[in-house]
Amino acid sequence: MDTIPATVAVLTHNSEKVLSKALAGVTDFSEILICDGESVDATREIATSFLAHIIAQDKMHLYPDGRIKDFSGIRNQTLQAAHEKWFLFLDDDEELSPEGKQAIARAISTEVPTAFWVPRLYRYEGKIITCSIAYPNKQMRFFHKDTVLRFEKPVHERVVLAPAARVDALEHGIIVPIQGSVHDAMLKSDRYINAELSRYAITLKLLVKYFAHALKISLLYLYRFVRNLFRHGTRLPLSFEFLPLWYQWRLVSRATKQYFHT
């Protein structure tokens, strides 16, 4: 299969520093779809050089400064604009591994409409991280459009499966570069938290849900941390490893303050 008959969709906003690497791994796809949020750098020129189809992010899903406030709304834009039945979505700094591309080509060749969990591996300081408490780090990133209804959730968006959709998993998938400092990551996480808390009235039921989820993730990560003490492999610094826990408990803290001040 010389050309992979699938759409790969990427959201961009001033992404010139990372976009070339993201698109270099998907040039074999029949459609590259860029949904851009009014970039003022070379993002659109880079996308055009890869023969991408560019559409504009709907302003109803954006903050005044151009940042996305409803990721599912923008993802649904790409889902509706895609010309192919098979659909893969990436972040602008993610890279599809060669093995992942081969796995996708094999899946398409079966012609069986399926939604696939796709594994994601981190890369830090040039090394692929093989041992992390975040693993298995899989997301439903690749699917036949007949198997999904839409994207949901304003942040940490996910697909809603169609009734009786067939689900499977790829063995290989996406490389996620870890860039910047822990402080940068925390600032980005705070923006996601702001977006989530701005969408809902914080009720006691929702607050309990946030707390229960944070506790569940904490126990899971503790188990994996102990398990990984007896495993060999490349690792992330602990400050990066535990960022997801910081996010969960930061969300609980912020939601608690919002609940008691309303």
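Answer yes if at least one residue in the range 106-113 is part of a loop (DSSP other than H, G, I, E, B), in contact with a helix residue (DSSP H, G or I) (Cβ under 9 Å, 6 or more places away or on another chain) and open to solvent by 40 Å² or more (accessible area, probe 1.4 Å), and no otherwise.
yes
In the range 178-186, is there at least one residue being touching a strand residue (DSSP E or B) at 6+ places or on another chain (Cβ under 7 Å), part of a strand (DSSP E or B) and not aromatic (Phe, Trp, Tyr)?
The answer is no, given that none of the residues of the range 178-186 is touching a strand residue (DSSP E or B) at 6+ places or on another chain (Cβ under 7 Å), part of a strand (DSSP E or B) and not aromatic (Phe, Trp, Tyr).
Show the residue pairs meeting these rules: Cβ distance below 8 Å; 6+ apart or different chains; first residue within the range 120-142 and open to solvent by 40 Å² or more (accessible area, probe 1.4 Å); second residue of a type in the set (Lys, Arg).
Filtered contacts from the range 120-142: Lys138/Arg120; Gln139/Arg120; Gln139/Arg158.
So for the range 79-94 (the condition being in contact with a Gly (Cβ under 8 Å, 6 or more places away or on another chain), more than 21 Å from Ala164 (Cα to Cα) and at pLDDT 95 or above), does at least one residue qualify?
Looking through the range 79-94, none of the residues is in contact with a Gly (Cβ under 8 Å, 6 or more places away or on another chain), more than 21 Å from Ala164 (Cα to Cα) and at pLDDT 95 or above.
I'm trying to understand the selection: among the residues of the range 164-192, which are free of Cβ contacts under 8 Å to residues at least 60 places away in the same chain, open to solvent by less than 80 Å² (accessible area, probe 1.4 Å) and under 17 Å from the mean Cα position of the chain (by Cα)?
Ala169, Ala185, Tyr192
Is it the case, given these coordinates, that Leu149 is assigned to a strand (DSSP E or B) and surrounded by fewer than 17 Cβ atoms within 10 Å (Cβ to Cβ)?
The answer is yes for Leu149.
Among the helices (runs of 4 or more DSSP H) confined wholly to the range 1-103, which include 1 or more residues that are in contact with a His (Cβ under 7 Å, 6 or more places away or on another chain)?
Answer list for the range 1-103: 71-81.
Step by step: first the residues of the range 44-99, then only those that are of a type in the set (D, E, K, R) and open to solvent by 70 Å² or more (accessible area, probe 1.4 Å), then the one that is farthest from Thr12 (Cα to Cα). Which residue is that?
It comes out as Glu99.
Identify the single condition in (1) hydrophobic (A, V, I, L, M, F, W, C); (2) part of a loop (DSSP other than H, G, I, E, B); (3) under 17 Å from the mean Cα position of the chain (by Cα) that Val118 does not satisfy, given that it satisfies every other one.
Exception for Val118: condition (2).
Please go through the range 193-248 and give me each residue that is open to solvent by 90 Å² or more (accessible area, probe 1.4 Å) and either outside any helix (DSSP H, G or I) or touching a Lys or Arg at 6+ places or on another chain (Cβ under 7 Å) (or both), ordered by number.
Tyr200, Leu229, Phe230, Arg231, His232, Arg235
The values are calculated or read from the model by the stated rules, or taken from the named source; none is laboratory data. The model shown is predicted, which means the values in this text are computed figures rather than measured ones. Neighbour counts are summed over all protein chains in view; Cβ atoms, including those assigned to glycine, are modelled from backbone coordinates with ideal geometry. Ligands, DNA and RNA are excluded from the accessible area calculation, which covers all protein heavy atoms including side chains. Shrake-Rupley method; radii C 1.70, N 1.55, O 1.52, S 1.80 Å.
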